[in-house]
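This report concerns only the one structure given below.
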Amino acid sequence: MNILLLGSGGRESALSWKLSQSPLCTKLFIATGNAGTAQYGTNIAIGINDFESLKDFCLAQQIDILFPGSEEPLVNGVYDFFKNDLALAHIIIPGPSKEGAQLEGSKAFSKKLMARHNIPTAAYAEFDENNFEEGLQYLDNHTTPIVLKADGLAAGKGVVITSDKAEAKAVFTDMIRNAQFGDASKTVVVEQFLTGIELSVFALTDGENYVILPEAKDYKRVGEGDTGPNTGGMGAISPVPFANGAFLQKVIERIVEPTINGLRSENIIYNGFIFFGLINVGGDPYVIEYNCRMGDPETEVVMPRLENDLVELVLQMEAKKLNEVTIQHSPKAAATVMLVSAGYPGDYPKGKLITGFETVEDSLLFHAGTKQNNGQVETSGGRVIAITSLADDLKLALANSYKNAELVQFDGKNFRKDIGFEF
Ligand code: AMP
Ligand code: GLY
């Protein structure tokens with residue numbers, strides 16, 4: 001199988017590491033990739049939303065599987081673009097149709113889907129220019145904290161949580177009237193605040209059947225003790241100690257199956273990954289958000305714990321035979337610690353030389369914002385390298401990742417010192 005993976009983060013490094021181990025993988029290309037993905041395949045300089053160029057490349061290289069790592073091409077309709085073109089329709093895509101990708105691409109779409117199928121989630125109301133004044137009144141009467149969400153994709157910045165009603169109204173106004181996130185915030189979802197611990201559960205579905213991959217917990221805030229601004233993710237662990245069999249059974253019965261059955265009953269084409277962003281409220285799972293792809297940095301701990309061949313899983317998905325598959329979870333624990341650039345998630349410098357790779361033992365280095373320059377590796381993003389370790393228990397995995405976090409060096413390196421600290 002010739003595979004083209006779309007994306008350039010730590011998630012794509014972990015996916016390319018996993019895909020390249022498969023005996024079914026002949027050639028692996030990554031658009032656009034980074035210095036880490038280059039160890040497992042060939043990086044190509046094609047934008048992930050440039051569907052015409054992706055088409056030309058797929059035909060020239062006889063690509064069999066197009067694997068979207070990131071949500072953007074899915075929300076932009078890469079699935080439909082390929083399936084509606086006779087020359088490309090045979091290419092397998094583990095990812096939903098444009099309509100299915102609305103699960104992530106539109107908060108209002110996902111909230112309505114959950115309401116129709118009685119899937120537990122925070123109570124909400126939806127506003128836009130047409131009921132703007134009603135929205136301001138709604139905020140006046142809302143209990144605090146208030147959760148405001150831009151409907152569309154806003155690069156992880158579209159959620160504001162505040163206990164200050166004046167601030168809530170200002171944000172609401174900025175989003176709808178001042179197009180703070182462009183078209184993405186023309187519609188705003190206002191939600192009840194839920195209190196609990198979050199976790200991420202992943203399913204791969206063929207539209208009828210599904211398998212559950214190892215669950216994970218990510219650490220979103222930049223500072224220790226979950227303080228400071230939200231980031232793309234500062235680290236992750238898998239398994240999640242509180243996600244025991246009874247809890248995961250509730251997740252499957254109340255959330256995973258109603259979601260997959262709901263999509264199917266509404267004839268929404270969905271073959272691919274569903275990321276369930278969940279919160280445990282007093283032992284009961286609620287959906288915070290859906291994503292239509294794997295998580296980052298969760299993938300950096302999920303892939304090392306997944307013992308099945310990922311290419312084979314994609315083929316079983318395509319054959320609609322996921323009911324015949326047993327997922328083998330490694331009994332080991334995985335932890336990843338993200339090294340980030342000084343200033344991230346605000347402005348940060350790029351082009352800093354990274355050294356110390358050869359001193360690392362007992363961990364996998366999944367590059368995120370890195371690039372090669374004259375035989376050396378430099379920083380090129382906010383999140384730079386995910387240091388993943390797999391060990392007999394979580395404490396050992398964390399100890400290995402933290403040992404190596406000291407050995408990999410670049411100017412301004414920062415990382416959270418308390419990943420997995422609460423367990
Ligand atoms: P989202 O982009 O929907 O995942 O939201 C980003 C983050 O905001 C989540 O990971 C949660 O930490 C937080 N959040 C979102 N919705 C809620 C909610 N209803 N109650 C509490 N926290 C929330
Ligand atoms: N780790 C959260 C995400 O991938 O959206």
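The values are calculated or read from the model by the stated rules, or taken from the named source; none is laboratory data. Quick caveat: nothing in here was measured; it's all calculated off a predicted structure. Virtual Cβ from ideal backbone geometry, glycine too; neighbours counted across all protein chains shown. Only protein heavy atoms, including side chains, enter the accessible area calculation; ligands, DNA and RNA are left aside. Shrake-Rupley method; radii C 1.70, N 1.55, O 1.52, S 1.80 Å.
Annotation for ALA125 and ALA319: the two label points, set 7 Å from Cα along the Cα-Cβ direction, are 5.2 nm apart.
Taking the accessible area of the chain, probe 1.4 Å, and keeping the other protein chains in place, the carbon and sulfur fraction comes to 47%. For the peptides 114-123, 324-333, 250-259, the ranking by mean Cβ contacts within 10 Å, running from highest to lowest, is 250-259, 114-123, 324-333. At 10 °C and 1.306 mPa s, grab the translational diffusion coefficient of the chain from Stokes-Einstein with a Kirkwood Rh over Cα pairs, rounded to a whole number in µm² per second. In µm²/s, the coefficient rounds to 72. Between ALA45 and GLN21, residue separation times 0.36 nm minus the direct Cα-Cα distance comes to 6.3 nm. For the range 212-304, the share of DSSP beta bridges that are antiparallel, to the nearest 5, is 100%. Place +1 on the Cβ of every Lys and Arg and -1 on the Cβ of every Asp and Glu in the chain, take the dipole about the Cα centre, and give the residue among GLY233, ALA166, GLY295 whose Cα lies farthest towards its positive end. Selected residue: GLY233.
For the range 1-143, the number of Lys pairs with C-alpha atoms closer than 20 Å, counting only pairs eight or more positions apart or on separate chains, is 8. Ordering of 361-372, 312-323 by packing is 361-372, 312-323, highest average first (other Cβ atoms within 10 Å, averaged per residue).
Taking the Cα centre of the chain as origin and assigning +1 to Lys and Arg Cβ atoms and -1 to Asp and Glu Cβ atoms, the resulting dipole is close to 320 debye. If you model the range 230-356 as an ellipsoid using its alpha carbon gyration tensor, with each semi-axis the square root of five times an eigenvalue, the axes come out at 30, 19, 17 Å, biggest first. Taking each full run of DSSP H in the chain as one helix, which ones are at least 18 Å long along their axis (Cα atoms) and have mean Kyte-Doolittle hydropathy of at least 1.0? Helices meeting the criterion: none.
Per-peptide packing, taken as the mean over residues of other Cβ atoms within 10 Å, places 35-46, 139-150, 299-310 in the sequence 299-310, 35-46, 139-150 from highest down. Is the C-alpha gyration tensor of the range 108-151 telling us rounded, prolate or oblate? Criteria: a/c under 1.5 is rounded; beyond that, a/b larger than b/c is prolate, otherwise oblate. It is oblate, given that a/c is not under 1.5 and a/b is not larger than b/c. Excluding ligands, DNA and RNA, the accessible surface per residue across the range 271-423 is 39 Å² with a 1.4 Å probe.
The calculated Kirkwood hydrodynamic radius for the range 194-272 is 14.4 Å, given to one decimal from all distinct C-alpha pairs.
Within the same chain, lysines fewer than 8 places from LYS352 are excluded, and of the rest, those with a Cα less than 16 Å from its Cα are LYS371, LYS413. For the range 129-238, the list of chymotrypsin sites (Phe, Trp or Tyr not before Pro) that fall in a loop by DSSP and count at most 16 other C-beta atoms within 10 angstrom reads PHE193.
Note: relative contact order over the range 48-120, using C-alpha pairs below 8 Å and six or more positions apart, is 29 percent. Charged neighbours of ALA166, selected by a Cβ distance under 14 Å, balance to -2 (K, R count +1; D, E count -1). Local charge for ALA319 was computed over the other residues whose Cβ lies under 11 Å away, with Lys and Arg +1 and Asp and Glu -1, and equals -2.
Just to confirm a number: summing +1 for Lys and Arg and -1 for Asp and Glu over residues other than TYR79 whose beta-carbon lies under 15 angstrom from that of TYR79, what do you get? Computed value for this residue: -4. For the range 77-231, the share of alpha carbon pairs falling in successive 10 Å distance bins from zero is 9, 31, 34, 19, 6, 1 percent.
The calculated FRET efficiency for the pair PHE132 and LYS220, based on their C-beta separation and a Förster distance of 41 Å, comes to about 0.85. For the range 1-78, the alpha carbon convex hull comes to 73 Å³ per residue, rounded to a whole number.
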